[in-house]
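Enquirer: Take a look at this one; I'll ask things after.
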Amino acid sequence: MLKADLHMHQEWSPRLDRVLARRHGRRPFDWKTWRRALIAEVPPGLARLQRLSRVFPAPAEADTDEAFVERVADALDESAAAGSCYTEMRFGSDTILRPGFMALFRRAEQRVHARHPGFRAEALAGLLLWHEPDRLDRVLEECRRAASDGLAGVDLLNVPYNTEADWHAGRTVISAAAEAGLGVTVHAGEFSVANIAAVAGMEGVTRVGHATHATDEPWLLDLLAARDITVEVCVTANLVLGAVGGLVDHPLRRMVDAGVKVALGTDNPVQFGTDIAHEYELAERLGLSDKEIAEFTRCGFAAAFTSPQRRAELLRRFDAAPAMV
Ligand SMILES: [Zn+2]
């Protein structure tokens with residue numbers, strides 16, 4: 001079955017550690033043990049999410065241009081090998097400001113494309129709305145400039161994450177990004193219903209990351225469906241971070257039944273120990289039919305922040321693919 005991964009973070013240090021470990025013939029950081037401790041010691045929800053960005057097994061100095069290309073290619077290669085034909089990767093603001101960022105990203109994409117013909121990838125920039133206005137402006141300006149180099153979209157995060165946030169600055173950022181031709185997705189509703197309605201109602205937003213708790217309030221599902229929002233569902237991330245109690249509690253089936261468009265994602269595949277093939281398997285274990293699961297791929301292609309040409313090509317491949325292979 002053709003697959004798409006619409007929600008993957010770069011995990012710069014965990015990914016770089018993996019690349020360096022391979023280069024030097026040593027073992028990479030043990031994320032399995034780390035996950036076990038995370039689940040045993042940290043309460044589910046935001047506290048676990050905050051731990052993700054606190055482990056740096058590889059130092060920033062090691063992230064040279066060649067190492068950067070190698071680690072991005074490593075992430076994309078893993079994604080393509082797991083069956084993805086289209087993967088979007090999200091980068092932090094420091095990376096966006098890195099000189100030659102888009103050229104380096106395309107070099108990595110090319111390497112993977114050579115090994116997996118037909119595979120395509122795009123880059124998104126993470127925008128943290130709590131950054132100082134000067135810094136946020138600088139990153140946004142760089143995103144608008146990079147749009148002409150092929151930057152595909154932006155991914156917004158706001159605080160507070162678990163209660164309703166102020167979206168005043170967010171609205172300005174979203175319209176500026178959309179005006180530059182960038183796709184806009186926003187992280188919301190991962191651990192509570194907060195911010196889902198605010199985000200889904202904003203002009204320019206076509207996708208929401210997680211929205212796991214939309215099923216707590218049926219009207220939120222109706223809103224997402226009515227606004228034609230594609231929800232990026234990352235099941236393993238929800239399990240590891242405790243956004244849901246267990247696999248059987250996962251709301252994926254309820255989202256689909258409510259007519260909400262869904263695409264799948266791996267979120268932080270190195271840290272969570274997953275790949276896109278595993279995410280599709282979990283959807284199957286949740287009782288979704290082959291047809292419903294194939295629809296996740298079609299939604300992923302349709303909602304992709306890629307060029308109209310690339311999207312048309314992906315949709316053509318989807319239509320031409322034997323139904324359930
Ligand atoms: Zn995410």
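The values are calculated or read from the model by the stated rules, or taken from the named source; none is laboratory data. Note that the coordinates shown come from a computational prediction; the quantities given were computed from them, not determined experimentally. Note: ideal-geometry Cβ built from the backbone for every residue, glycine included; neighbour counts use all protein chains shown. Remember, those area values only see protein heavy atoms, side chains included, never the ligands or the DNA or RNA. Shrake-Rupley method; radii C 1.70, N 1.55, O 1.52, S 1.80 Å.
Enquirer: Considering every residue within region 134-151, establish whether at least one is assigned to a loop (DSSP other than H, G, I, E, B) and farther than 22 Å from ASP257 by Cα. Write out each step before concluding.
Expert: Quick first cut of region 134-151, residues assigned to a loop (DSSP other than H, G, I, E, B) only: 150-151.
Remaining after also requiring farther than 22 Å from ASP257 by Cα: 150-151.
Yes, region 134-151 contains a residue that is assigned to a loop (DSSP other than H, G, I, E, B) and farther than 22 Å from ASP257 by Cα.
Enquirer: Shifting gears a bit: Could you check region 189-307 for strands (runs of 3 or more DSSP E) lying wholly inside it with 1 or more residues that are more than 15 Å from the ligand (Cβ to nearest atom) and surrounded by 17 or more Cβ atoms within 10 Å (Cβ to Cβ)?
Expert: In region 189-307, 261-264 are the strands (runs of 3 or more DSSP E) which contain 1 or more residues that are more than 15 Å from the ligand (Cβ to nearest atom) and surrounded by 17 or more Cβ atoms within 10 Å (Cβ to Cβ).
Enquirer: Which pairs do you get when a residue that is among the hydroxyl-bearing types (Ser, Thr, Tyr), found in region 90-114, comes within reach of a residue that is surrounded by 19 or more Cβ atoms within 10 Å (Cβ to Cβ), reach meaning Cβ atoms under 6 angstrom, with the pair 6+ apart or on two chains?
Expert: Listed pairs, sorted by first residue: SER93/VAL139.
Enquirer: Please verify whether region 30-41 includes one or more residues that are more than 30 Å from HIS213 (Cβ to Cβ) and among the hydrophobic types (A, V, I, L, M, F, W, C).
Expert: To start, the set of residues in region 30-41 that are more than 30 Å from HIS213 (Cβ to Cβ) comprises 30.
When the remaining residues are screened for being among the hydrophobic types (A, V, I, L, M, F, W, C), the result is none.
Among the residues of region 30-41, not one is more than 30 Å from HIS213 (Cβ to Cβ) and among the hydrophobic types (A, V, I, L, M, F, W, C), which makes the answer no.
Enquirer: How about region 202-224: which of its residues are touching a helix residue (DSSP H, G or I) at 6+ places or on another chain (Cβ under 6 Å) and of a type in the set (S, T, N, Q)?
Expert: THR212, THR215
Enquirer: A further question on this structure: Out of MET8, MET1, report the one residue that is out of contact with any Leu (no Cβ under 8 Å at 6 or more places or on another chain), of a type outside the set (S, T, N, Q) and surrounded by 19 or more Cβ atoms within 10 Å (Cβ to Cβ). Reasoning before the result, please.
Expert: Working: MET1 fails: surrounded by 19 or more Cβ atoms within 10 Å (Cβ to Cβ).
Within the list MET8, MET1, the selection yields MET8.
Enquirer: Under the condition of being open to solvent by less than 10 Å² (accessible area, probe 1.4 Å) and in contact with a helix residue (DSSP H, G or I) (Cβ under 8 Å, 6 or more places away or on another chain), which residue from region 15-37 is nearest to ALA277 (Cα to Cα)? Working first, answer last.
Expert: Initially, region 15-37 is screened for residues open to solvent by less than 10 Å² (accessible area, probe 1.4 Å), giving 15-17, 19, 21.
Adding the requirement that they be in contact with a helix residue (DSSP H, G or I) (Cβ under 8 Å, 6 or more places away or on another chain) leaves 15-16, 19.
Values: ARG15: 19, LEU16: 22, VAL19: 21 Å.
Looking at the filtered set, the residue picked out is ARG15.
Enquirer: Looking for something touching a Cys at 6+ places or on another chain (Cβ under 8 Å) and touching a residue at least 40 places away in the same chain (Cβ under 8 Å) - is there at least one such residue anywhere in region 4-13? Reasoning before the result, please.
Expert: From region 4-13, those touching a Cys at 6+ places or on another chain (Cβ under 8 Å) are 4, 7; that's our starting set.
From the residues that got through so far, the ones that are touching a residue at least 40 places away in the same chain (Cβ under 8 Å) too are 4, 7.
Among the residues of region 4-13, at least one is touching a Cys at 6+ places or on another chain (Cβ under 8 Å) and touching a residue at least 40 places away in the same chain (Cβ under 8 Å), which makes the answer yes.
Enquirer: For region 156-177, which residues satisfy the criterion of being assigned to a helix (DSSP H, G or I) and either within 15 Å of the ligand (Cβ to nearest atom) or within 19 Å of HIS7 (Cα to Cα) (or both)? Spell out how you get there, then give the answer.
Expert: Going residue by residue through region 156-177, those that are assigned to a helix (DSSP H, G or I) are 168-177.
Passing the criteria: ILE174, ALA177.
Enquirer: Taking ARG311 and the conditions (1) under 25 Å from LEU151 (Cα atoms); (2) in contact with an Asp or Glu (Cβ under 8 Å, 6 or more places away or on another chain); (3) of a type in the set (D, E, K, R), which numbered condition does it fall short on, given that it satisfies the others?
Expert: Result: ARG311 passes all but (2).
Enquirer: Which residue pairs have Cβ atoms under 8 Å apart, sit 6 or more places apart or on different chains, and have a first residue in region 143-166 that is over 14 Å from VAL193 (Cα atoms) and a second that is among the basic types (Lys, Arg) and within 13 Å of the ligand (Cβ to nearest atom)?
Expert: ASP155/ARG90
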